[in-house]
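S.K.: One structure is given below, represented as structure tokens, and several questions about it will come after.
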Amino acid sequence: MSNVIDIYSLGFRYGDADFDIETRPLFHKSWDDVNMPVNKRAIVRTDTDECLGVVGPKYKPINHKEMIAHQRLMIMRSDLDTTNLIESIVTDRNGARCYVKHTLPNQFLETPDGDTAALSFLGVNSFDGLFSFMMSAGARQSVCMNGQIFTEGSSTIYKSRHTQQLDIHKGSRIVGKGLEVMMQQNELWKIWYKTVPSHEIIKSIFAATINGDPLDEKTGNNKNYIQLWKLYEDVYKPRQGANLWAVYNALTHWATHCQPSRKNSSIISLQNRRANKVSEVISNDHLFRKVA
């Protein structure tokens, strides 16, 4: 479903995601043909009886319709220009996976390097384990059904595994509050773009990001410190210039494009830790804001 619409007229239309789910216990046959329960549950469409995924007992499913409704409500409660809003709802695997994207053509984000993109909201959900639950707002966002989620430009994200800690109301608040900050910081980004920090300042910023000392030799050999410098020197400095904006983009790239070093480690947990650290660093008066 993809159309240009008035968000207030959406009502209870959910496109291909317009179905309900329930969880059902699973069994296996014993040698004497007795049904033996197993420690798993099936997530089933109530309209077709199709199994959309098999999950553990602590898995917390979120109905696609609930995700869509929360995202719509979050937009309606904002002060954003929703004129000619575009909604796209896409499902896959008979409804096991879903994403909803709202694009606001008349609400722009302008980056300091002159790029302009319409603001969009992206919600992602699945019952087969491919996607964690996610709500986000940013400049350009998309998702592929093979598991890749792409965000570019400034974005604010709530992401959670389907556990009891998943709180869709909290997600709406986090994304909504983050969006306010993001819109307010738009002018600050332009200042960062015009600010050329010294080599020593950049060293201090990157060292603080990894909780290191810029004067300590161990910091210079740290793989994350080296990666931050590589992102700045090889990717963002050539593209955006030797400015604080390029430093900022190196930091956000490091936080959002990471992979855990150990097997079975949570990429979500690692991304959250790094994002929180980057937020702390760019909020530091000495290292970042006073530079501008």
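S.K.: Within the range 47-140, which trypsin sites (Lys or Arg not before Pro) sit in a loop by DSSP and count at most 13 neighbouring Cβ atoms inside 10 Å?
M.R.: In loop regions of the range 47-140 (DSSP not H, G, I, E or B), the sparsely surrounded trypsin sites (Lys or Arg not before Pro) are Lys58, Arg77.
S.K.: Taking a ≥ b ≥ c as the square roots of the eigenvalues of the Cα gyration tensor of the range 55-120, is the shape rounded (a/c under 1.5), prolate (a/b larger than b/c) or oblate?
M.R.: Prolate shape, in that a/c is at least 1.5 and a/b is the bigger ratio.
S.K.: If amide hydrogens are placed 1.01 Å from N in the peptide plane, which non-local residues have theirs closer than 5 Å to the one on Leu52?
M.R.: The list, which skips near neighbours in sequence, is Ile43, Val44, Arg45.
S.K.: Right, another one. Count the lysine pairs in the range 11-114 whose Cα atoms lie under 25 Å apart, taking only pairs 8 or more positions apart in sequence or on different chains.
M.R.: 7
S.K.: Can you give the relative contact order of the range 215-256 as a percent, counting alpha carbon pairs under 8 Å and 6+ residues apart?
M.R.: 37
S.K.: Next up: Between Thr163 and Cys258, what FRET efficiency comes out of the Förster formula 1/(1 + (r/R0)^6) with R0 = 22 Å and r the beta carbon distance, rounded to 0.05?
M.R.: Computed FRET efficiency for Cys258 and Thr163 comes out at 0.55.
S.K.: Okay, moving on. Accessible area per residue for the range 44-86 in Å², computed with a 1.4 Å probe and the full protein assembly in place, what is it?
M.R.: 49
S.K.: Follow-up question, since we're still on this one. Can you tell me which lysines have their Cα less than 25 Å from the Cα of Lys194? Leave out same-chain residues fewer than eight positions away.
M.R.: Result set, ordered by chain and number: Lys203, Lys230, Lys237, Lys277, Lys290.
The values are calculated or read from the model by the stated rules, or taken from the named source; none is laboratory data. The shown structure was predicted, so the numbers you read here are calculated from the model rather than taken from an experiment. When we count neighbours, we look across all protein chains shown, and the Cβ atoms used for this are built from the backbone with ideal geometry, even at glycine. For accessibility, only protein heavy atoms count, side chains too; no ligands or nucleic acids. Shrake-Rupley method; radii C 1.70, N 1.55, O 1.52, S 1.80 Å.
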